[in-house]
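Scroll down for the structure; my scribbles are underneath it.
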2 protein chains.
Amino acid sequence: MTPPDNRFTVTYDIIADDQAAARGRAEAIALEQTVEIPAKLVPPGEIADEIVGRIDTLDPVGPQRFRAAISYRNDTAGPDFPQFLNVVFGNSSIKAGLRVVHLDLGPGLLAGYRGPRYGVAGLRDRHGGGDGPLLCTALKPMGLSNRDLADQAHAFALGGMHLIKDDHGLMNQGFTPFRERVEMCVEAVDRANRQTGLNCAYVANISGSFDKVVDYARFAKSAGAGGLLVGPGLVGFDCMRWLADQDDIALPILSHPTFLGANVVSPDGGFAHGVHYGTLQRMAGADAVIYPNFGGRFGFTKAECQDIIAGCLSPLGHLKPVFPSPGGGMTFENLAAMQDVYGDDVIFLMGGGLYERPGTLTDAVRDMRRALGQPVG
Amino acid sequence: MTPPDNRFTVTYDIIADDQAAARGRAEAIALEQTVEIPAKLVPPGEIADEIVGRIDTLDPVGPQRFRAAISYRNDTAGPDFPQFLNVVFGNSSIKAGLRVVHLDLGPGLLAGYRGPRYGVAGLRDRHGGGDGPLLCTALKPMGLSNRDLADQAHAFALGGMHLIKDDHGLMNQGFTPFRERVEMCVEAVDRANRQTGLNCAYVANISGSFDKVVDYARFAKSAGAGGLLVGPGLVGFDCMRWLADQDDIALPILSHPTFLGANVVSPDGGFAHGVHYGTLQRMAGADAVIYPNFGGRFGFTKAECQDIIAGCLSPLGHLKPVFPSPGGGMTFENLAAMQDVYGDDVIFLMGGGLYERPGTLTDAVRDMRRALGQPVG
């Protein structure tokens, strides 16, 4: 299955009436993603033999559904990550009934990617070790003052939360200026950490304008934030990759799924969940990947979430495994059952459930820890 | 229909069994895109009254299909374009059966956007005026040497082509180094322009890494390129917006649809074609928007393409109208019929059709001009 080291393989699911039609669609992908001219115009020799995608296998996998493994020479994707995405699914993303279900990447291609800086083990180290799930929540709602958001952060941190992120809708609006919010939330969480002796992190949303995102990230670092919330659907996958690679920033990155949904909601188009919320995110340097949990207000199934777990944790060359971070659908009643599904290498993200809980936010976090069998301070 | 000047309106199509279910989904959008907490937890006062999205209308538009107009206060989208996209369709993009079909943006919101620098009139001025369609082609296939690509560019330009772009798969690979390609293609097109007296432009693909895209753009400018090819699906919509805004770059921008397909291929999810390939592109500064034409190897319908025409050319505050640029499906036989559909404000993009034509590429361009009733040098 492993491609020769100068090629990588993309597996596509293809909707087609029969094997011959599927073959035709697979051949079209192999051309579209590379030379983008009809087969009869492809120059013979290296371009026809090496540059055009190569159909390695094509098999039926269900009614009117076929699976094609197509390999591409590594250097067609060049050194730029956007060009890799371009070869994987650029124009073919516009064709209905084609879905990327797997990426098989050899060490030659992966050598160009540092991948997650922290990953599962690194994040555990930052948050006091332990083997169980980490806990994450979000500051909300949009419209609160930064003072109120920081007070929330303090209360969450006191209860033993590991990661407290901005809601992804908190950016640099007039009612929640970015720099002030970061400074206030860092101070509030630091103050709680001094009280608890724990190491809770405030994770700042930096998913702003192209010309500001680096400044936002550097400011968050200098102010003492413990992580960055990045929406690759908003700022681009390669922006996240670049941020992860910077030694002078060096903060854990939580990836947020906002504005990426269309890539997975069609069962016949876009990307399989494990590729989109696993493999691509690791190439782009995420240390934890937020996505909508099954059973919540989004439509992901348990099987799709298990595909994400595999995408986050399965071997991927030298790229570290990262935390799947399901959000939504978590209740105090089902947390233990969720742990049975997810195991220990997971970051449980609970927002609304904590805010709804009677009592203080600190008490709510303690109840969340109890539900997971974690010690309560 | 025009919202008060401190709000903008997003119209969503909602798949639901009945009006009550549609109302529930609309209310969920209004919360999800702003405060992201259940209605019962929303603080009364300004947040409940102003920040939460406001459902202005909700009407059935087809079997199990409803249309909701939901308005948001402008400052929820703040000054960062990514945050505008976040409010429009951030998390809701992950819910199946929701589609953004229209944006109604008042001058208050649009004031934050310069929009296209050239647009239809500006591009016409650069390419010798005239009222008819402009012609565009692409250098290909991937794998050719830069010398061969530049020779193609020279031949196309001699025939009277207006815009010659890199194929979107030509980036900075080892077999086609970016800087060398730009220099060679600029020289080849300039040489042809001196022969013809015309003003053909070479359009360089700069859709590379986050940390290189600005350097690529500035290099293209300094080398004398006549435009930039930008894939917002690869580099982000706001990167394109930023590039368009830079007075020291000031090159026309052709937007390419690569890697954006999943946003439109599901009829019930993502974005209507006119929003995605019209409104958003103009906010992001594109002067021309490339997309797959109906009748070609992609599945867009004529009605979807007409929606794109409207999105590119309809009034949008102070933002200039821009060229729709259909590609694929264009033949010498149907060009005249295509002109009947598109009118004059269009850039016809023909790639494979020109390469397939017997004779030289220069002759093929002349035939294309003849098919459109344009003078041949």
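The values are calculated or read from the model by the stated rules, or taken from the named source; none is laboratory data. Just so you know, these numbers come straight off a predicted model, no measurement behind them. For neighbour counting, all protein chains shown are included, and Cβ atoms are generated from backbone atoms with ideal geometry for every residue, glycine included. These area figures cover heavy atoms from the full protein model, side chains too; ligands, DNA and RNA do not enter into them. Shrake-Rupley method; radii C 1.70, N 1.55, O 1.52, S 1.80 Å.
Quick rundown of the values:
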| read-out | value |
| --- | --- |
| B versus A: buried accessible surface, summed, Å² (probe 1.4 Å, to nearest 100) | 6400 |
| Ranked order, B:D104, B:D75 - accessible area, probe 1.4 Å, largest first | B:D75, B:D104 |
| Sparse-neighbourhood loop sites, GluC sites (Glu not before Pro) in segment A:293-377 - DSSP loop, at most 15 other Cβ within 10 angstrom | A:E333 |
| Subset of B:K140/B:K165; A:K95/B:K165; A:K302/B:K95 violating a 19 Å alpha-carbon distance limit | A:K95/B:K165 |
| Beta bridge orientation in the protein assembly as shown: antiparallel %, DSSP, nearest 5 | 45 |
| Largest-first principal axis extents, alpha carbons of the protein assembly as shown, Å | 82, 59, 50 |
| At 7 Å out from Cα toward Cβ: A:G174 inter-copy label distances (nm, ascending) | 5.5 |
| Loop GluC sites (Glu not before Pro), segment A:138-190, which have at most 10 other Cβ atoms in a 10 Å radius of their Cβ (DSSP) | none |
| Residue mean of other protein chain beta carbons inside 10 Å, B:204-212 | 6 |
| Student exercise, the protein assembly as shown dipole from Lys, Arg, Asp, Glu Cβ charges, in Debye to nearest 20 | 200 |
| C-alpha center-to-center spacing [segment A:306-377, segment B:1-60] in angstrom | 29 |
| Positions from segment A:1-46 whose accessible area shrinks by 40 Å² or more when the full protein complex is built, not the chain alone, probe 1.4 Å | A:E36, A:I37, A:L41 |
| Neighbour count of at most 16 Cβ within 10 Å plus DSSP loop: longest trypsin sites (Lys or Arg not before Pro)-free window in chain A | A:115-296 |
| Over 30 Å [Cα-Cα, chain A], rounded percent | 41 |
| Solvent-accessible area, 1.4 Å probe, carbon plus sulfur percent, for the protein assembly as shown | 51 |
| Chain B: relative contact order as a whole-number percent, Cα under 8 Å and 6+ apart | 17 |
| Peptide A:105-116, shielding by other chains (average Cβ, 10 Å cutoff) | 0 |
| Using θ = phi - 60° and Karplus 6.51 cos²θ - 1.76 cosθ + 1.60, couplings along segment A:140-149 (whole Hz; Gly, Pro as x) | 6, x, 3, x, 5, 6, 4, 4, 5, 5 |
| Teacher prompt: A:D18 distances to equivalent labels in other copies, 7 Å Cα→Cβ, nm | 4.5 |
